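K.L.:
Right, I'll just put the structure down here and ask away after.
The values are calculated or read from the model by the stated rules, or taken from the named source; none is laboratory data. Treat the numbers as computed from the prediction; the structure is a model and nothing was measured. When we count neighbours, we look across all protein chains shown, and the Cβ atoms used for this are built from the backbone with ideal geometry, even at glycine. Quick note on the areas: whole protein, heavy atoms, side chains included, nothing else; ligands and nucleic acids left out. Shrake-Rupley method; radii C 1.70, N 1.55, O 1.52, S 1.80 Å.
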Amino acid sequence: MKIKLQQVIDAIEQADDNRTGFYDSQTGETVWLGDPLVTGESYDELEELLETSRNRFYRLPTKFDIHEYSIMENFADDLPAGRMRNELINAIRGRGAFCRFKNTIYYYGIERQWYDYRDAAYRRIAVRWCRDEGLEYEEEHGNDE
């Protein structure tokens, strides 16, 4: 069974601190498990489920695998030298970086450029994850890569 690359990208977009996504290779679906610290479930139950289902469930990229801050930093670094680039680099320093980053891209009208850049980064992460897990993937339009 091939996983749809868009399914991995969707999981990347939905990644957060409170739950972890897994690709169920038996059903082809994404399964979300809540963080035991949030849900009150024990880690032992989660570990047992994953251990007994080895080679069935593949942990999808987490928020920590994605490094959204690094993506923002790379985006700013890739801009042409000048005021906009400098302001964007300064915007992502310190507390509140994500909000300041968004405000700055909107101010300069480069939000479409940012979202295209971020989407390409998510796609690279998804492709790398599939390859690292040894899973074949297919593009949404049906062409294999």
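K.L.:
If you take just the strands (runs of 3 or more DSSP E) that sit entirely in the stretch 1-101, which of them hold at least 1 residues that are under 21 Å from ILE125 (Cβ atoms), modelled with pLDDT of 85 or more and open to solvent by 80 Å² or more (accessible area, probe 1.4 Å)?
P.N.:
Output list reads 29-34, 57-59.
K.L.:
Here's a follow-up. Scan the stretch 109-129 and give yes if some residue there is at pLDDT below 95, under 30 Å from MET1 (Cβ atoms), out of contact with any helix residue (DSSP H, G or I) (no Cβ under 9 Å at 6 or more places or on another chain) and surrounded by 12 or more Cβ atoms within 10 Å (Cβ to Cβ), otherwise no. Spell out how you get there, then give the answer.
P.N.:
Taking the stretch 109-129 as the starting set, the residues that turn out to be at pLDDT below 95 are none.
Within the stretch 109-129, none of the residues are at pLDDT below 95, under 30 Å from MET1 (Cβ atoms), out of contact with any helix residue (DSSP H, G or I) (no Cβ under 9 Å at 6 or more places or on another chain) and surrounded by 12 or more Cβ atoms within 10 Å (Cβ to Cβ).
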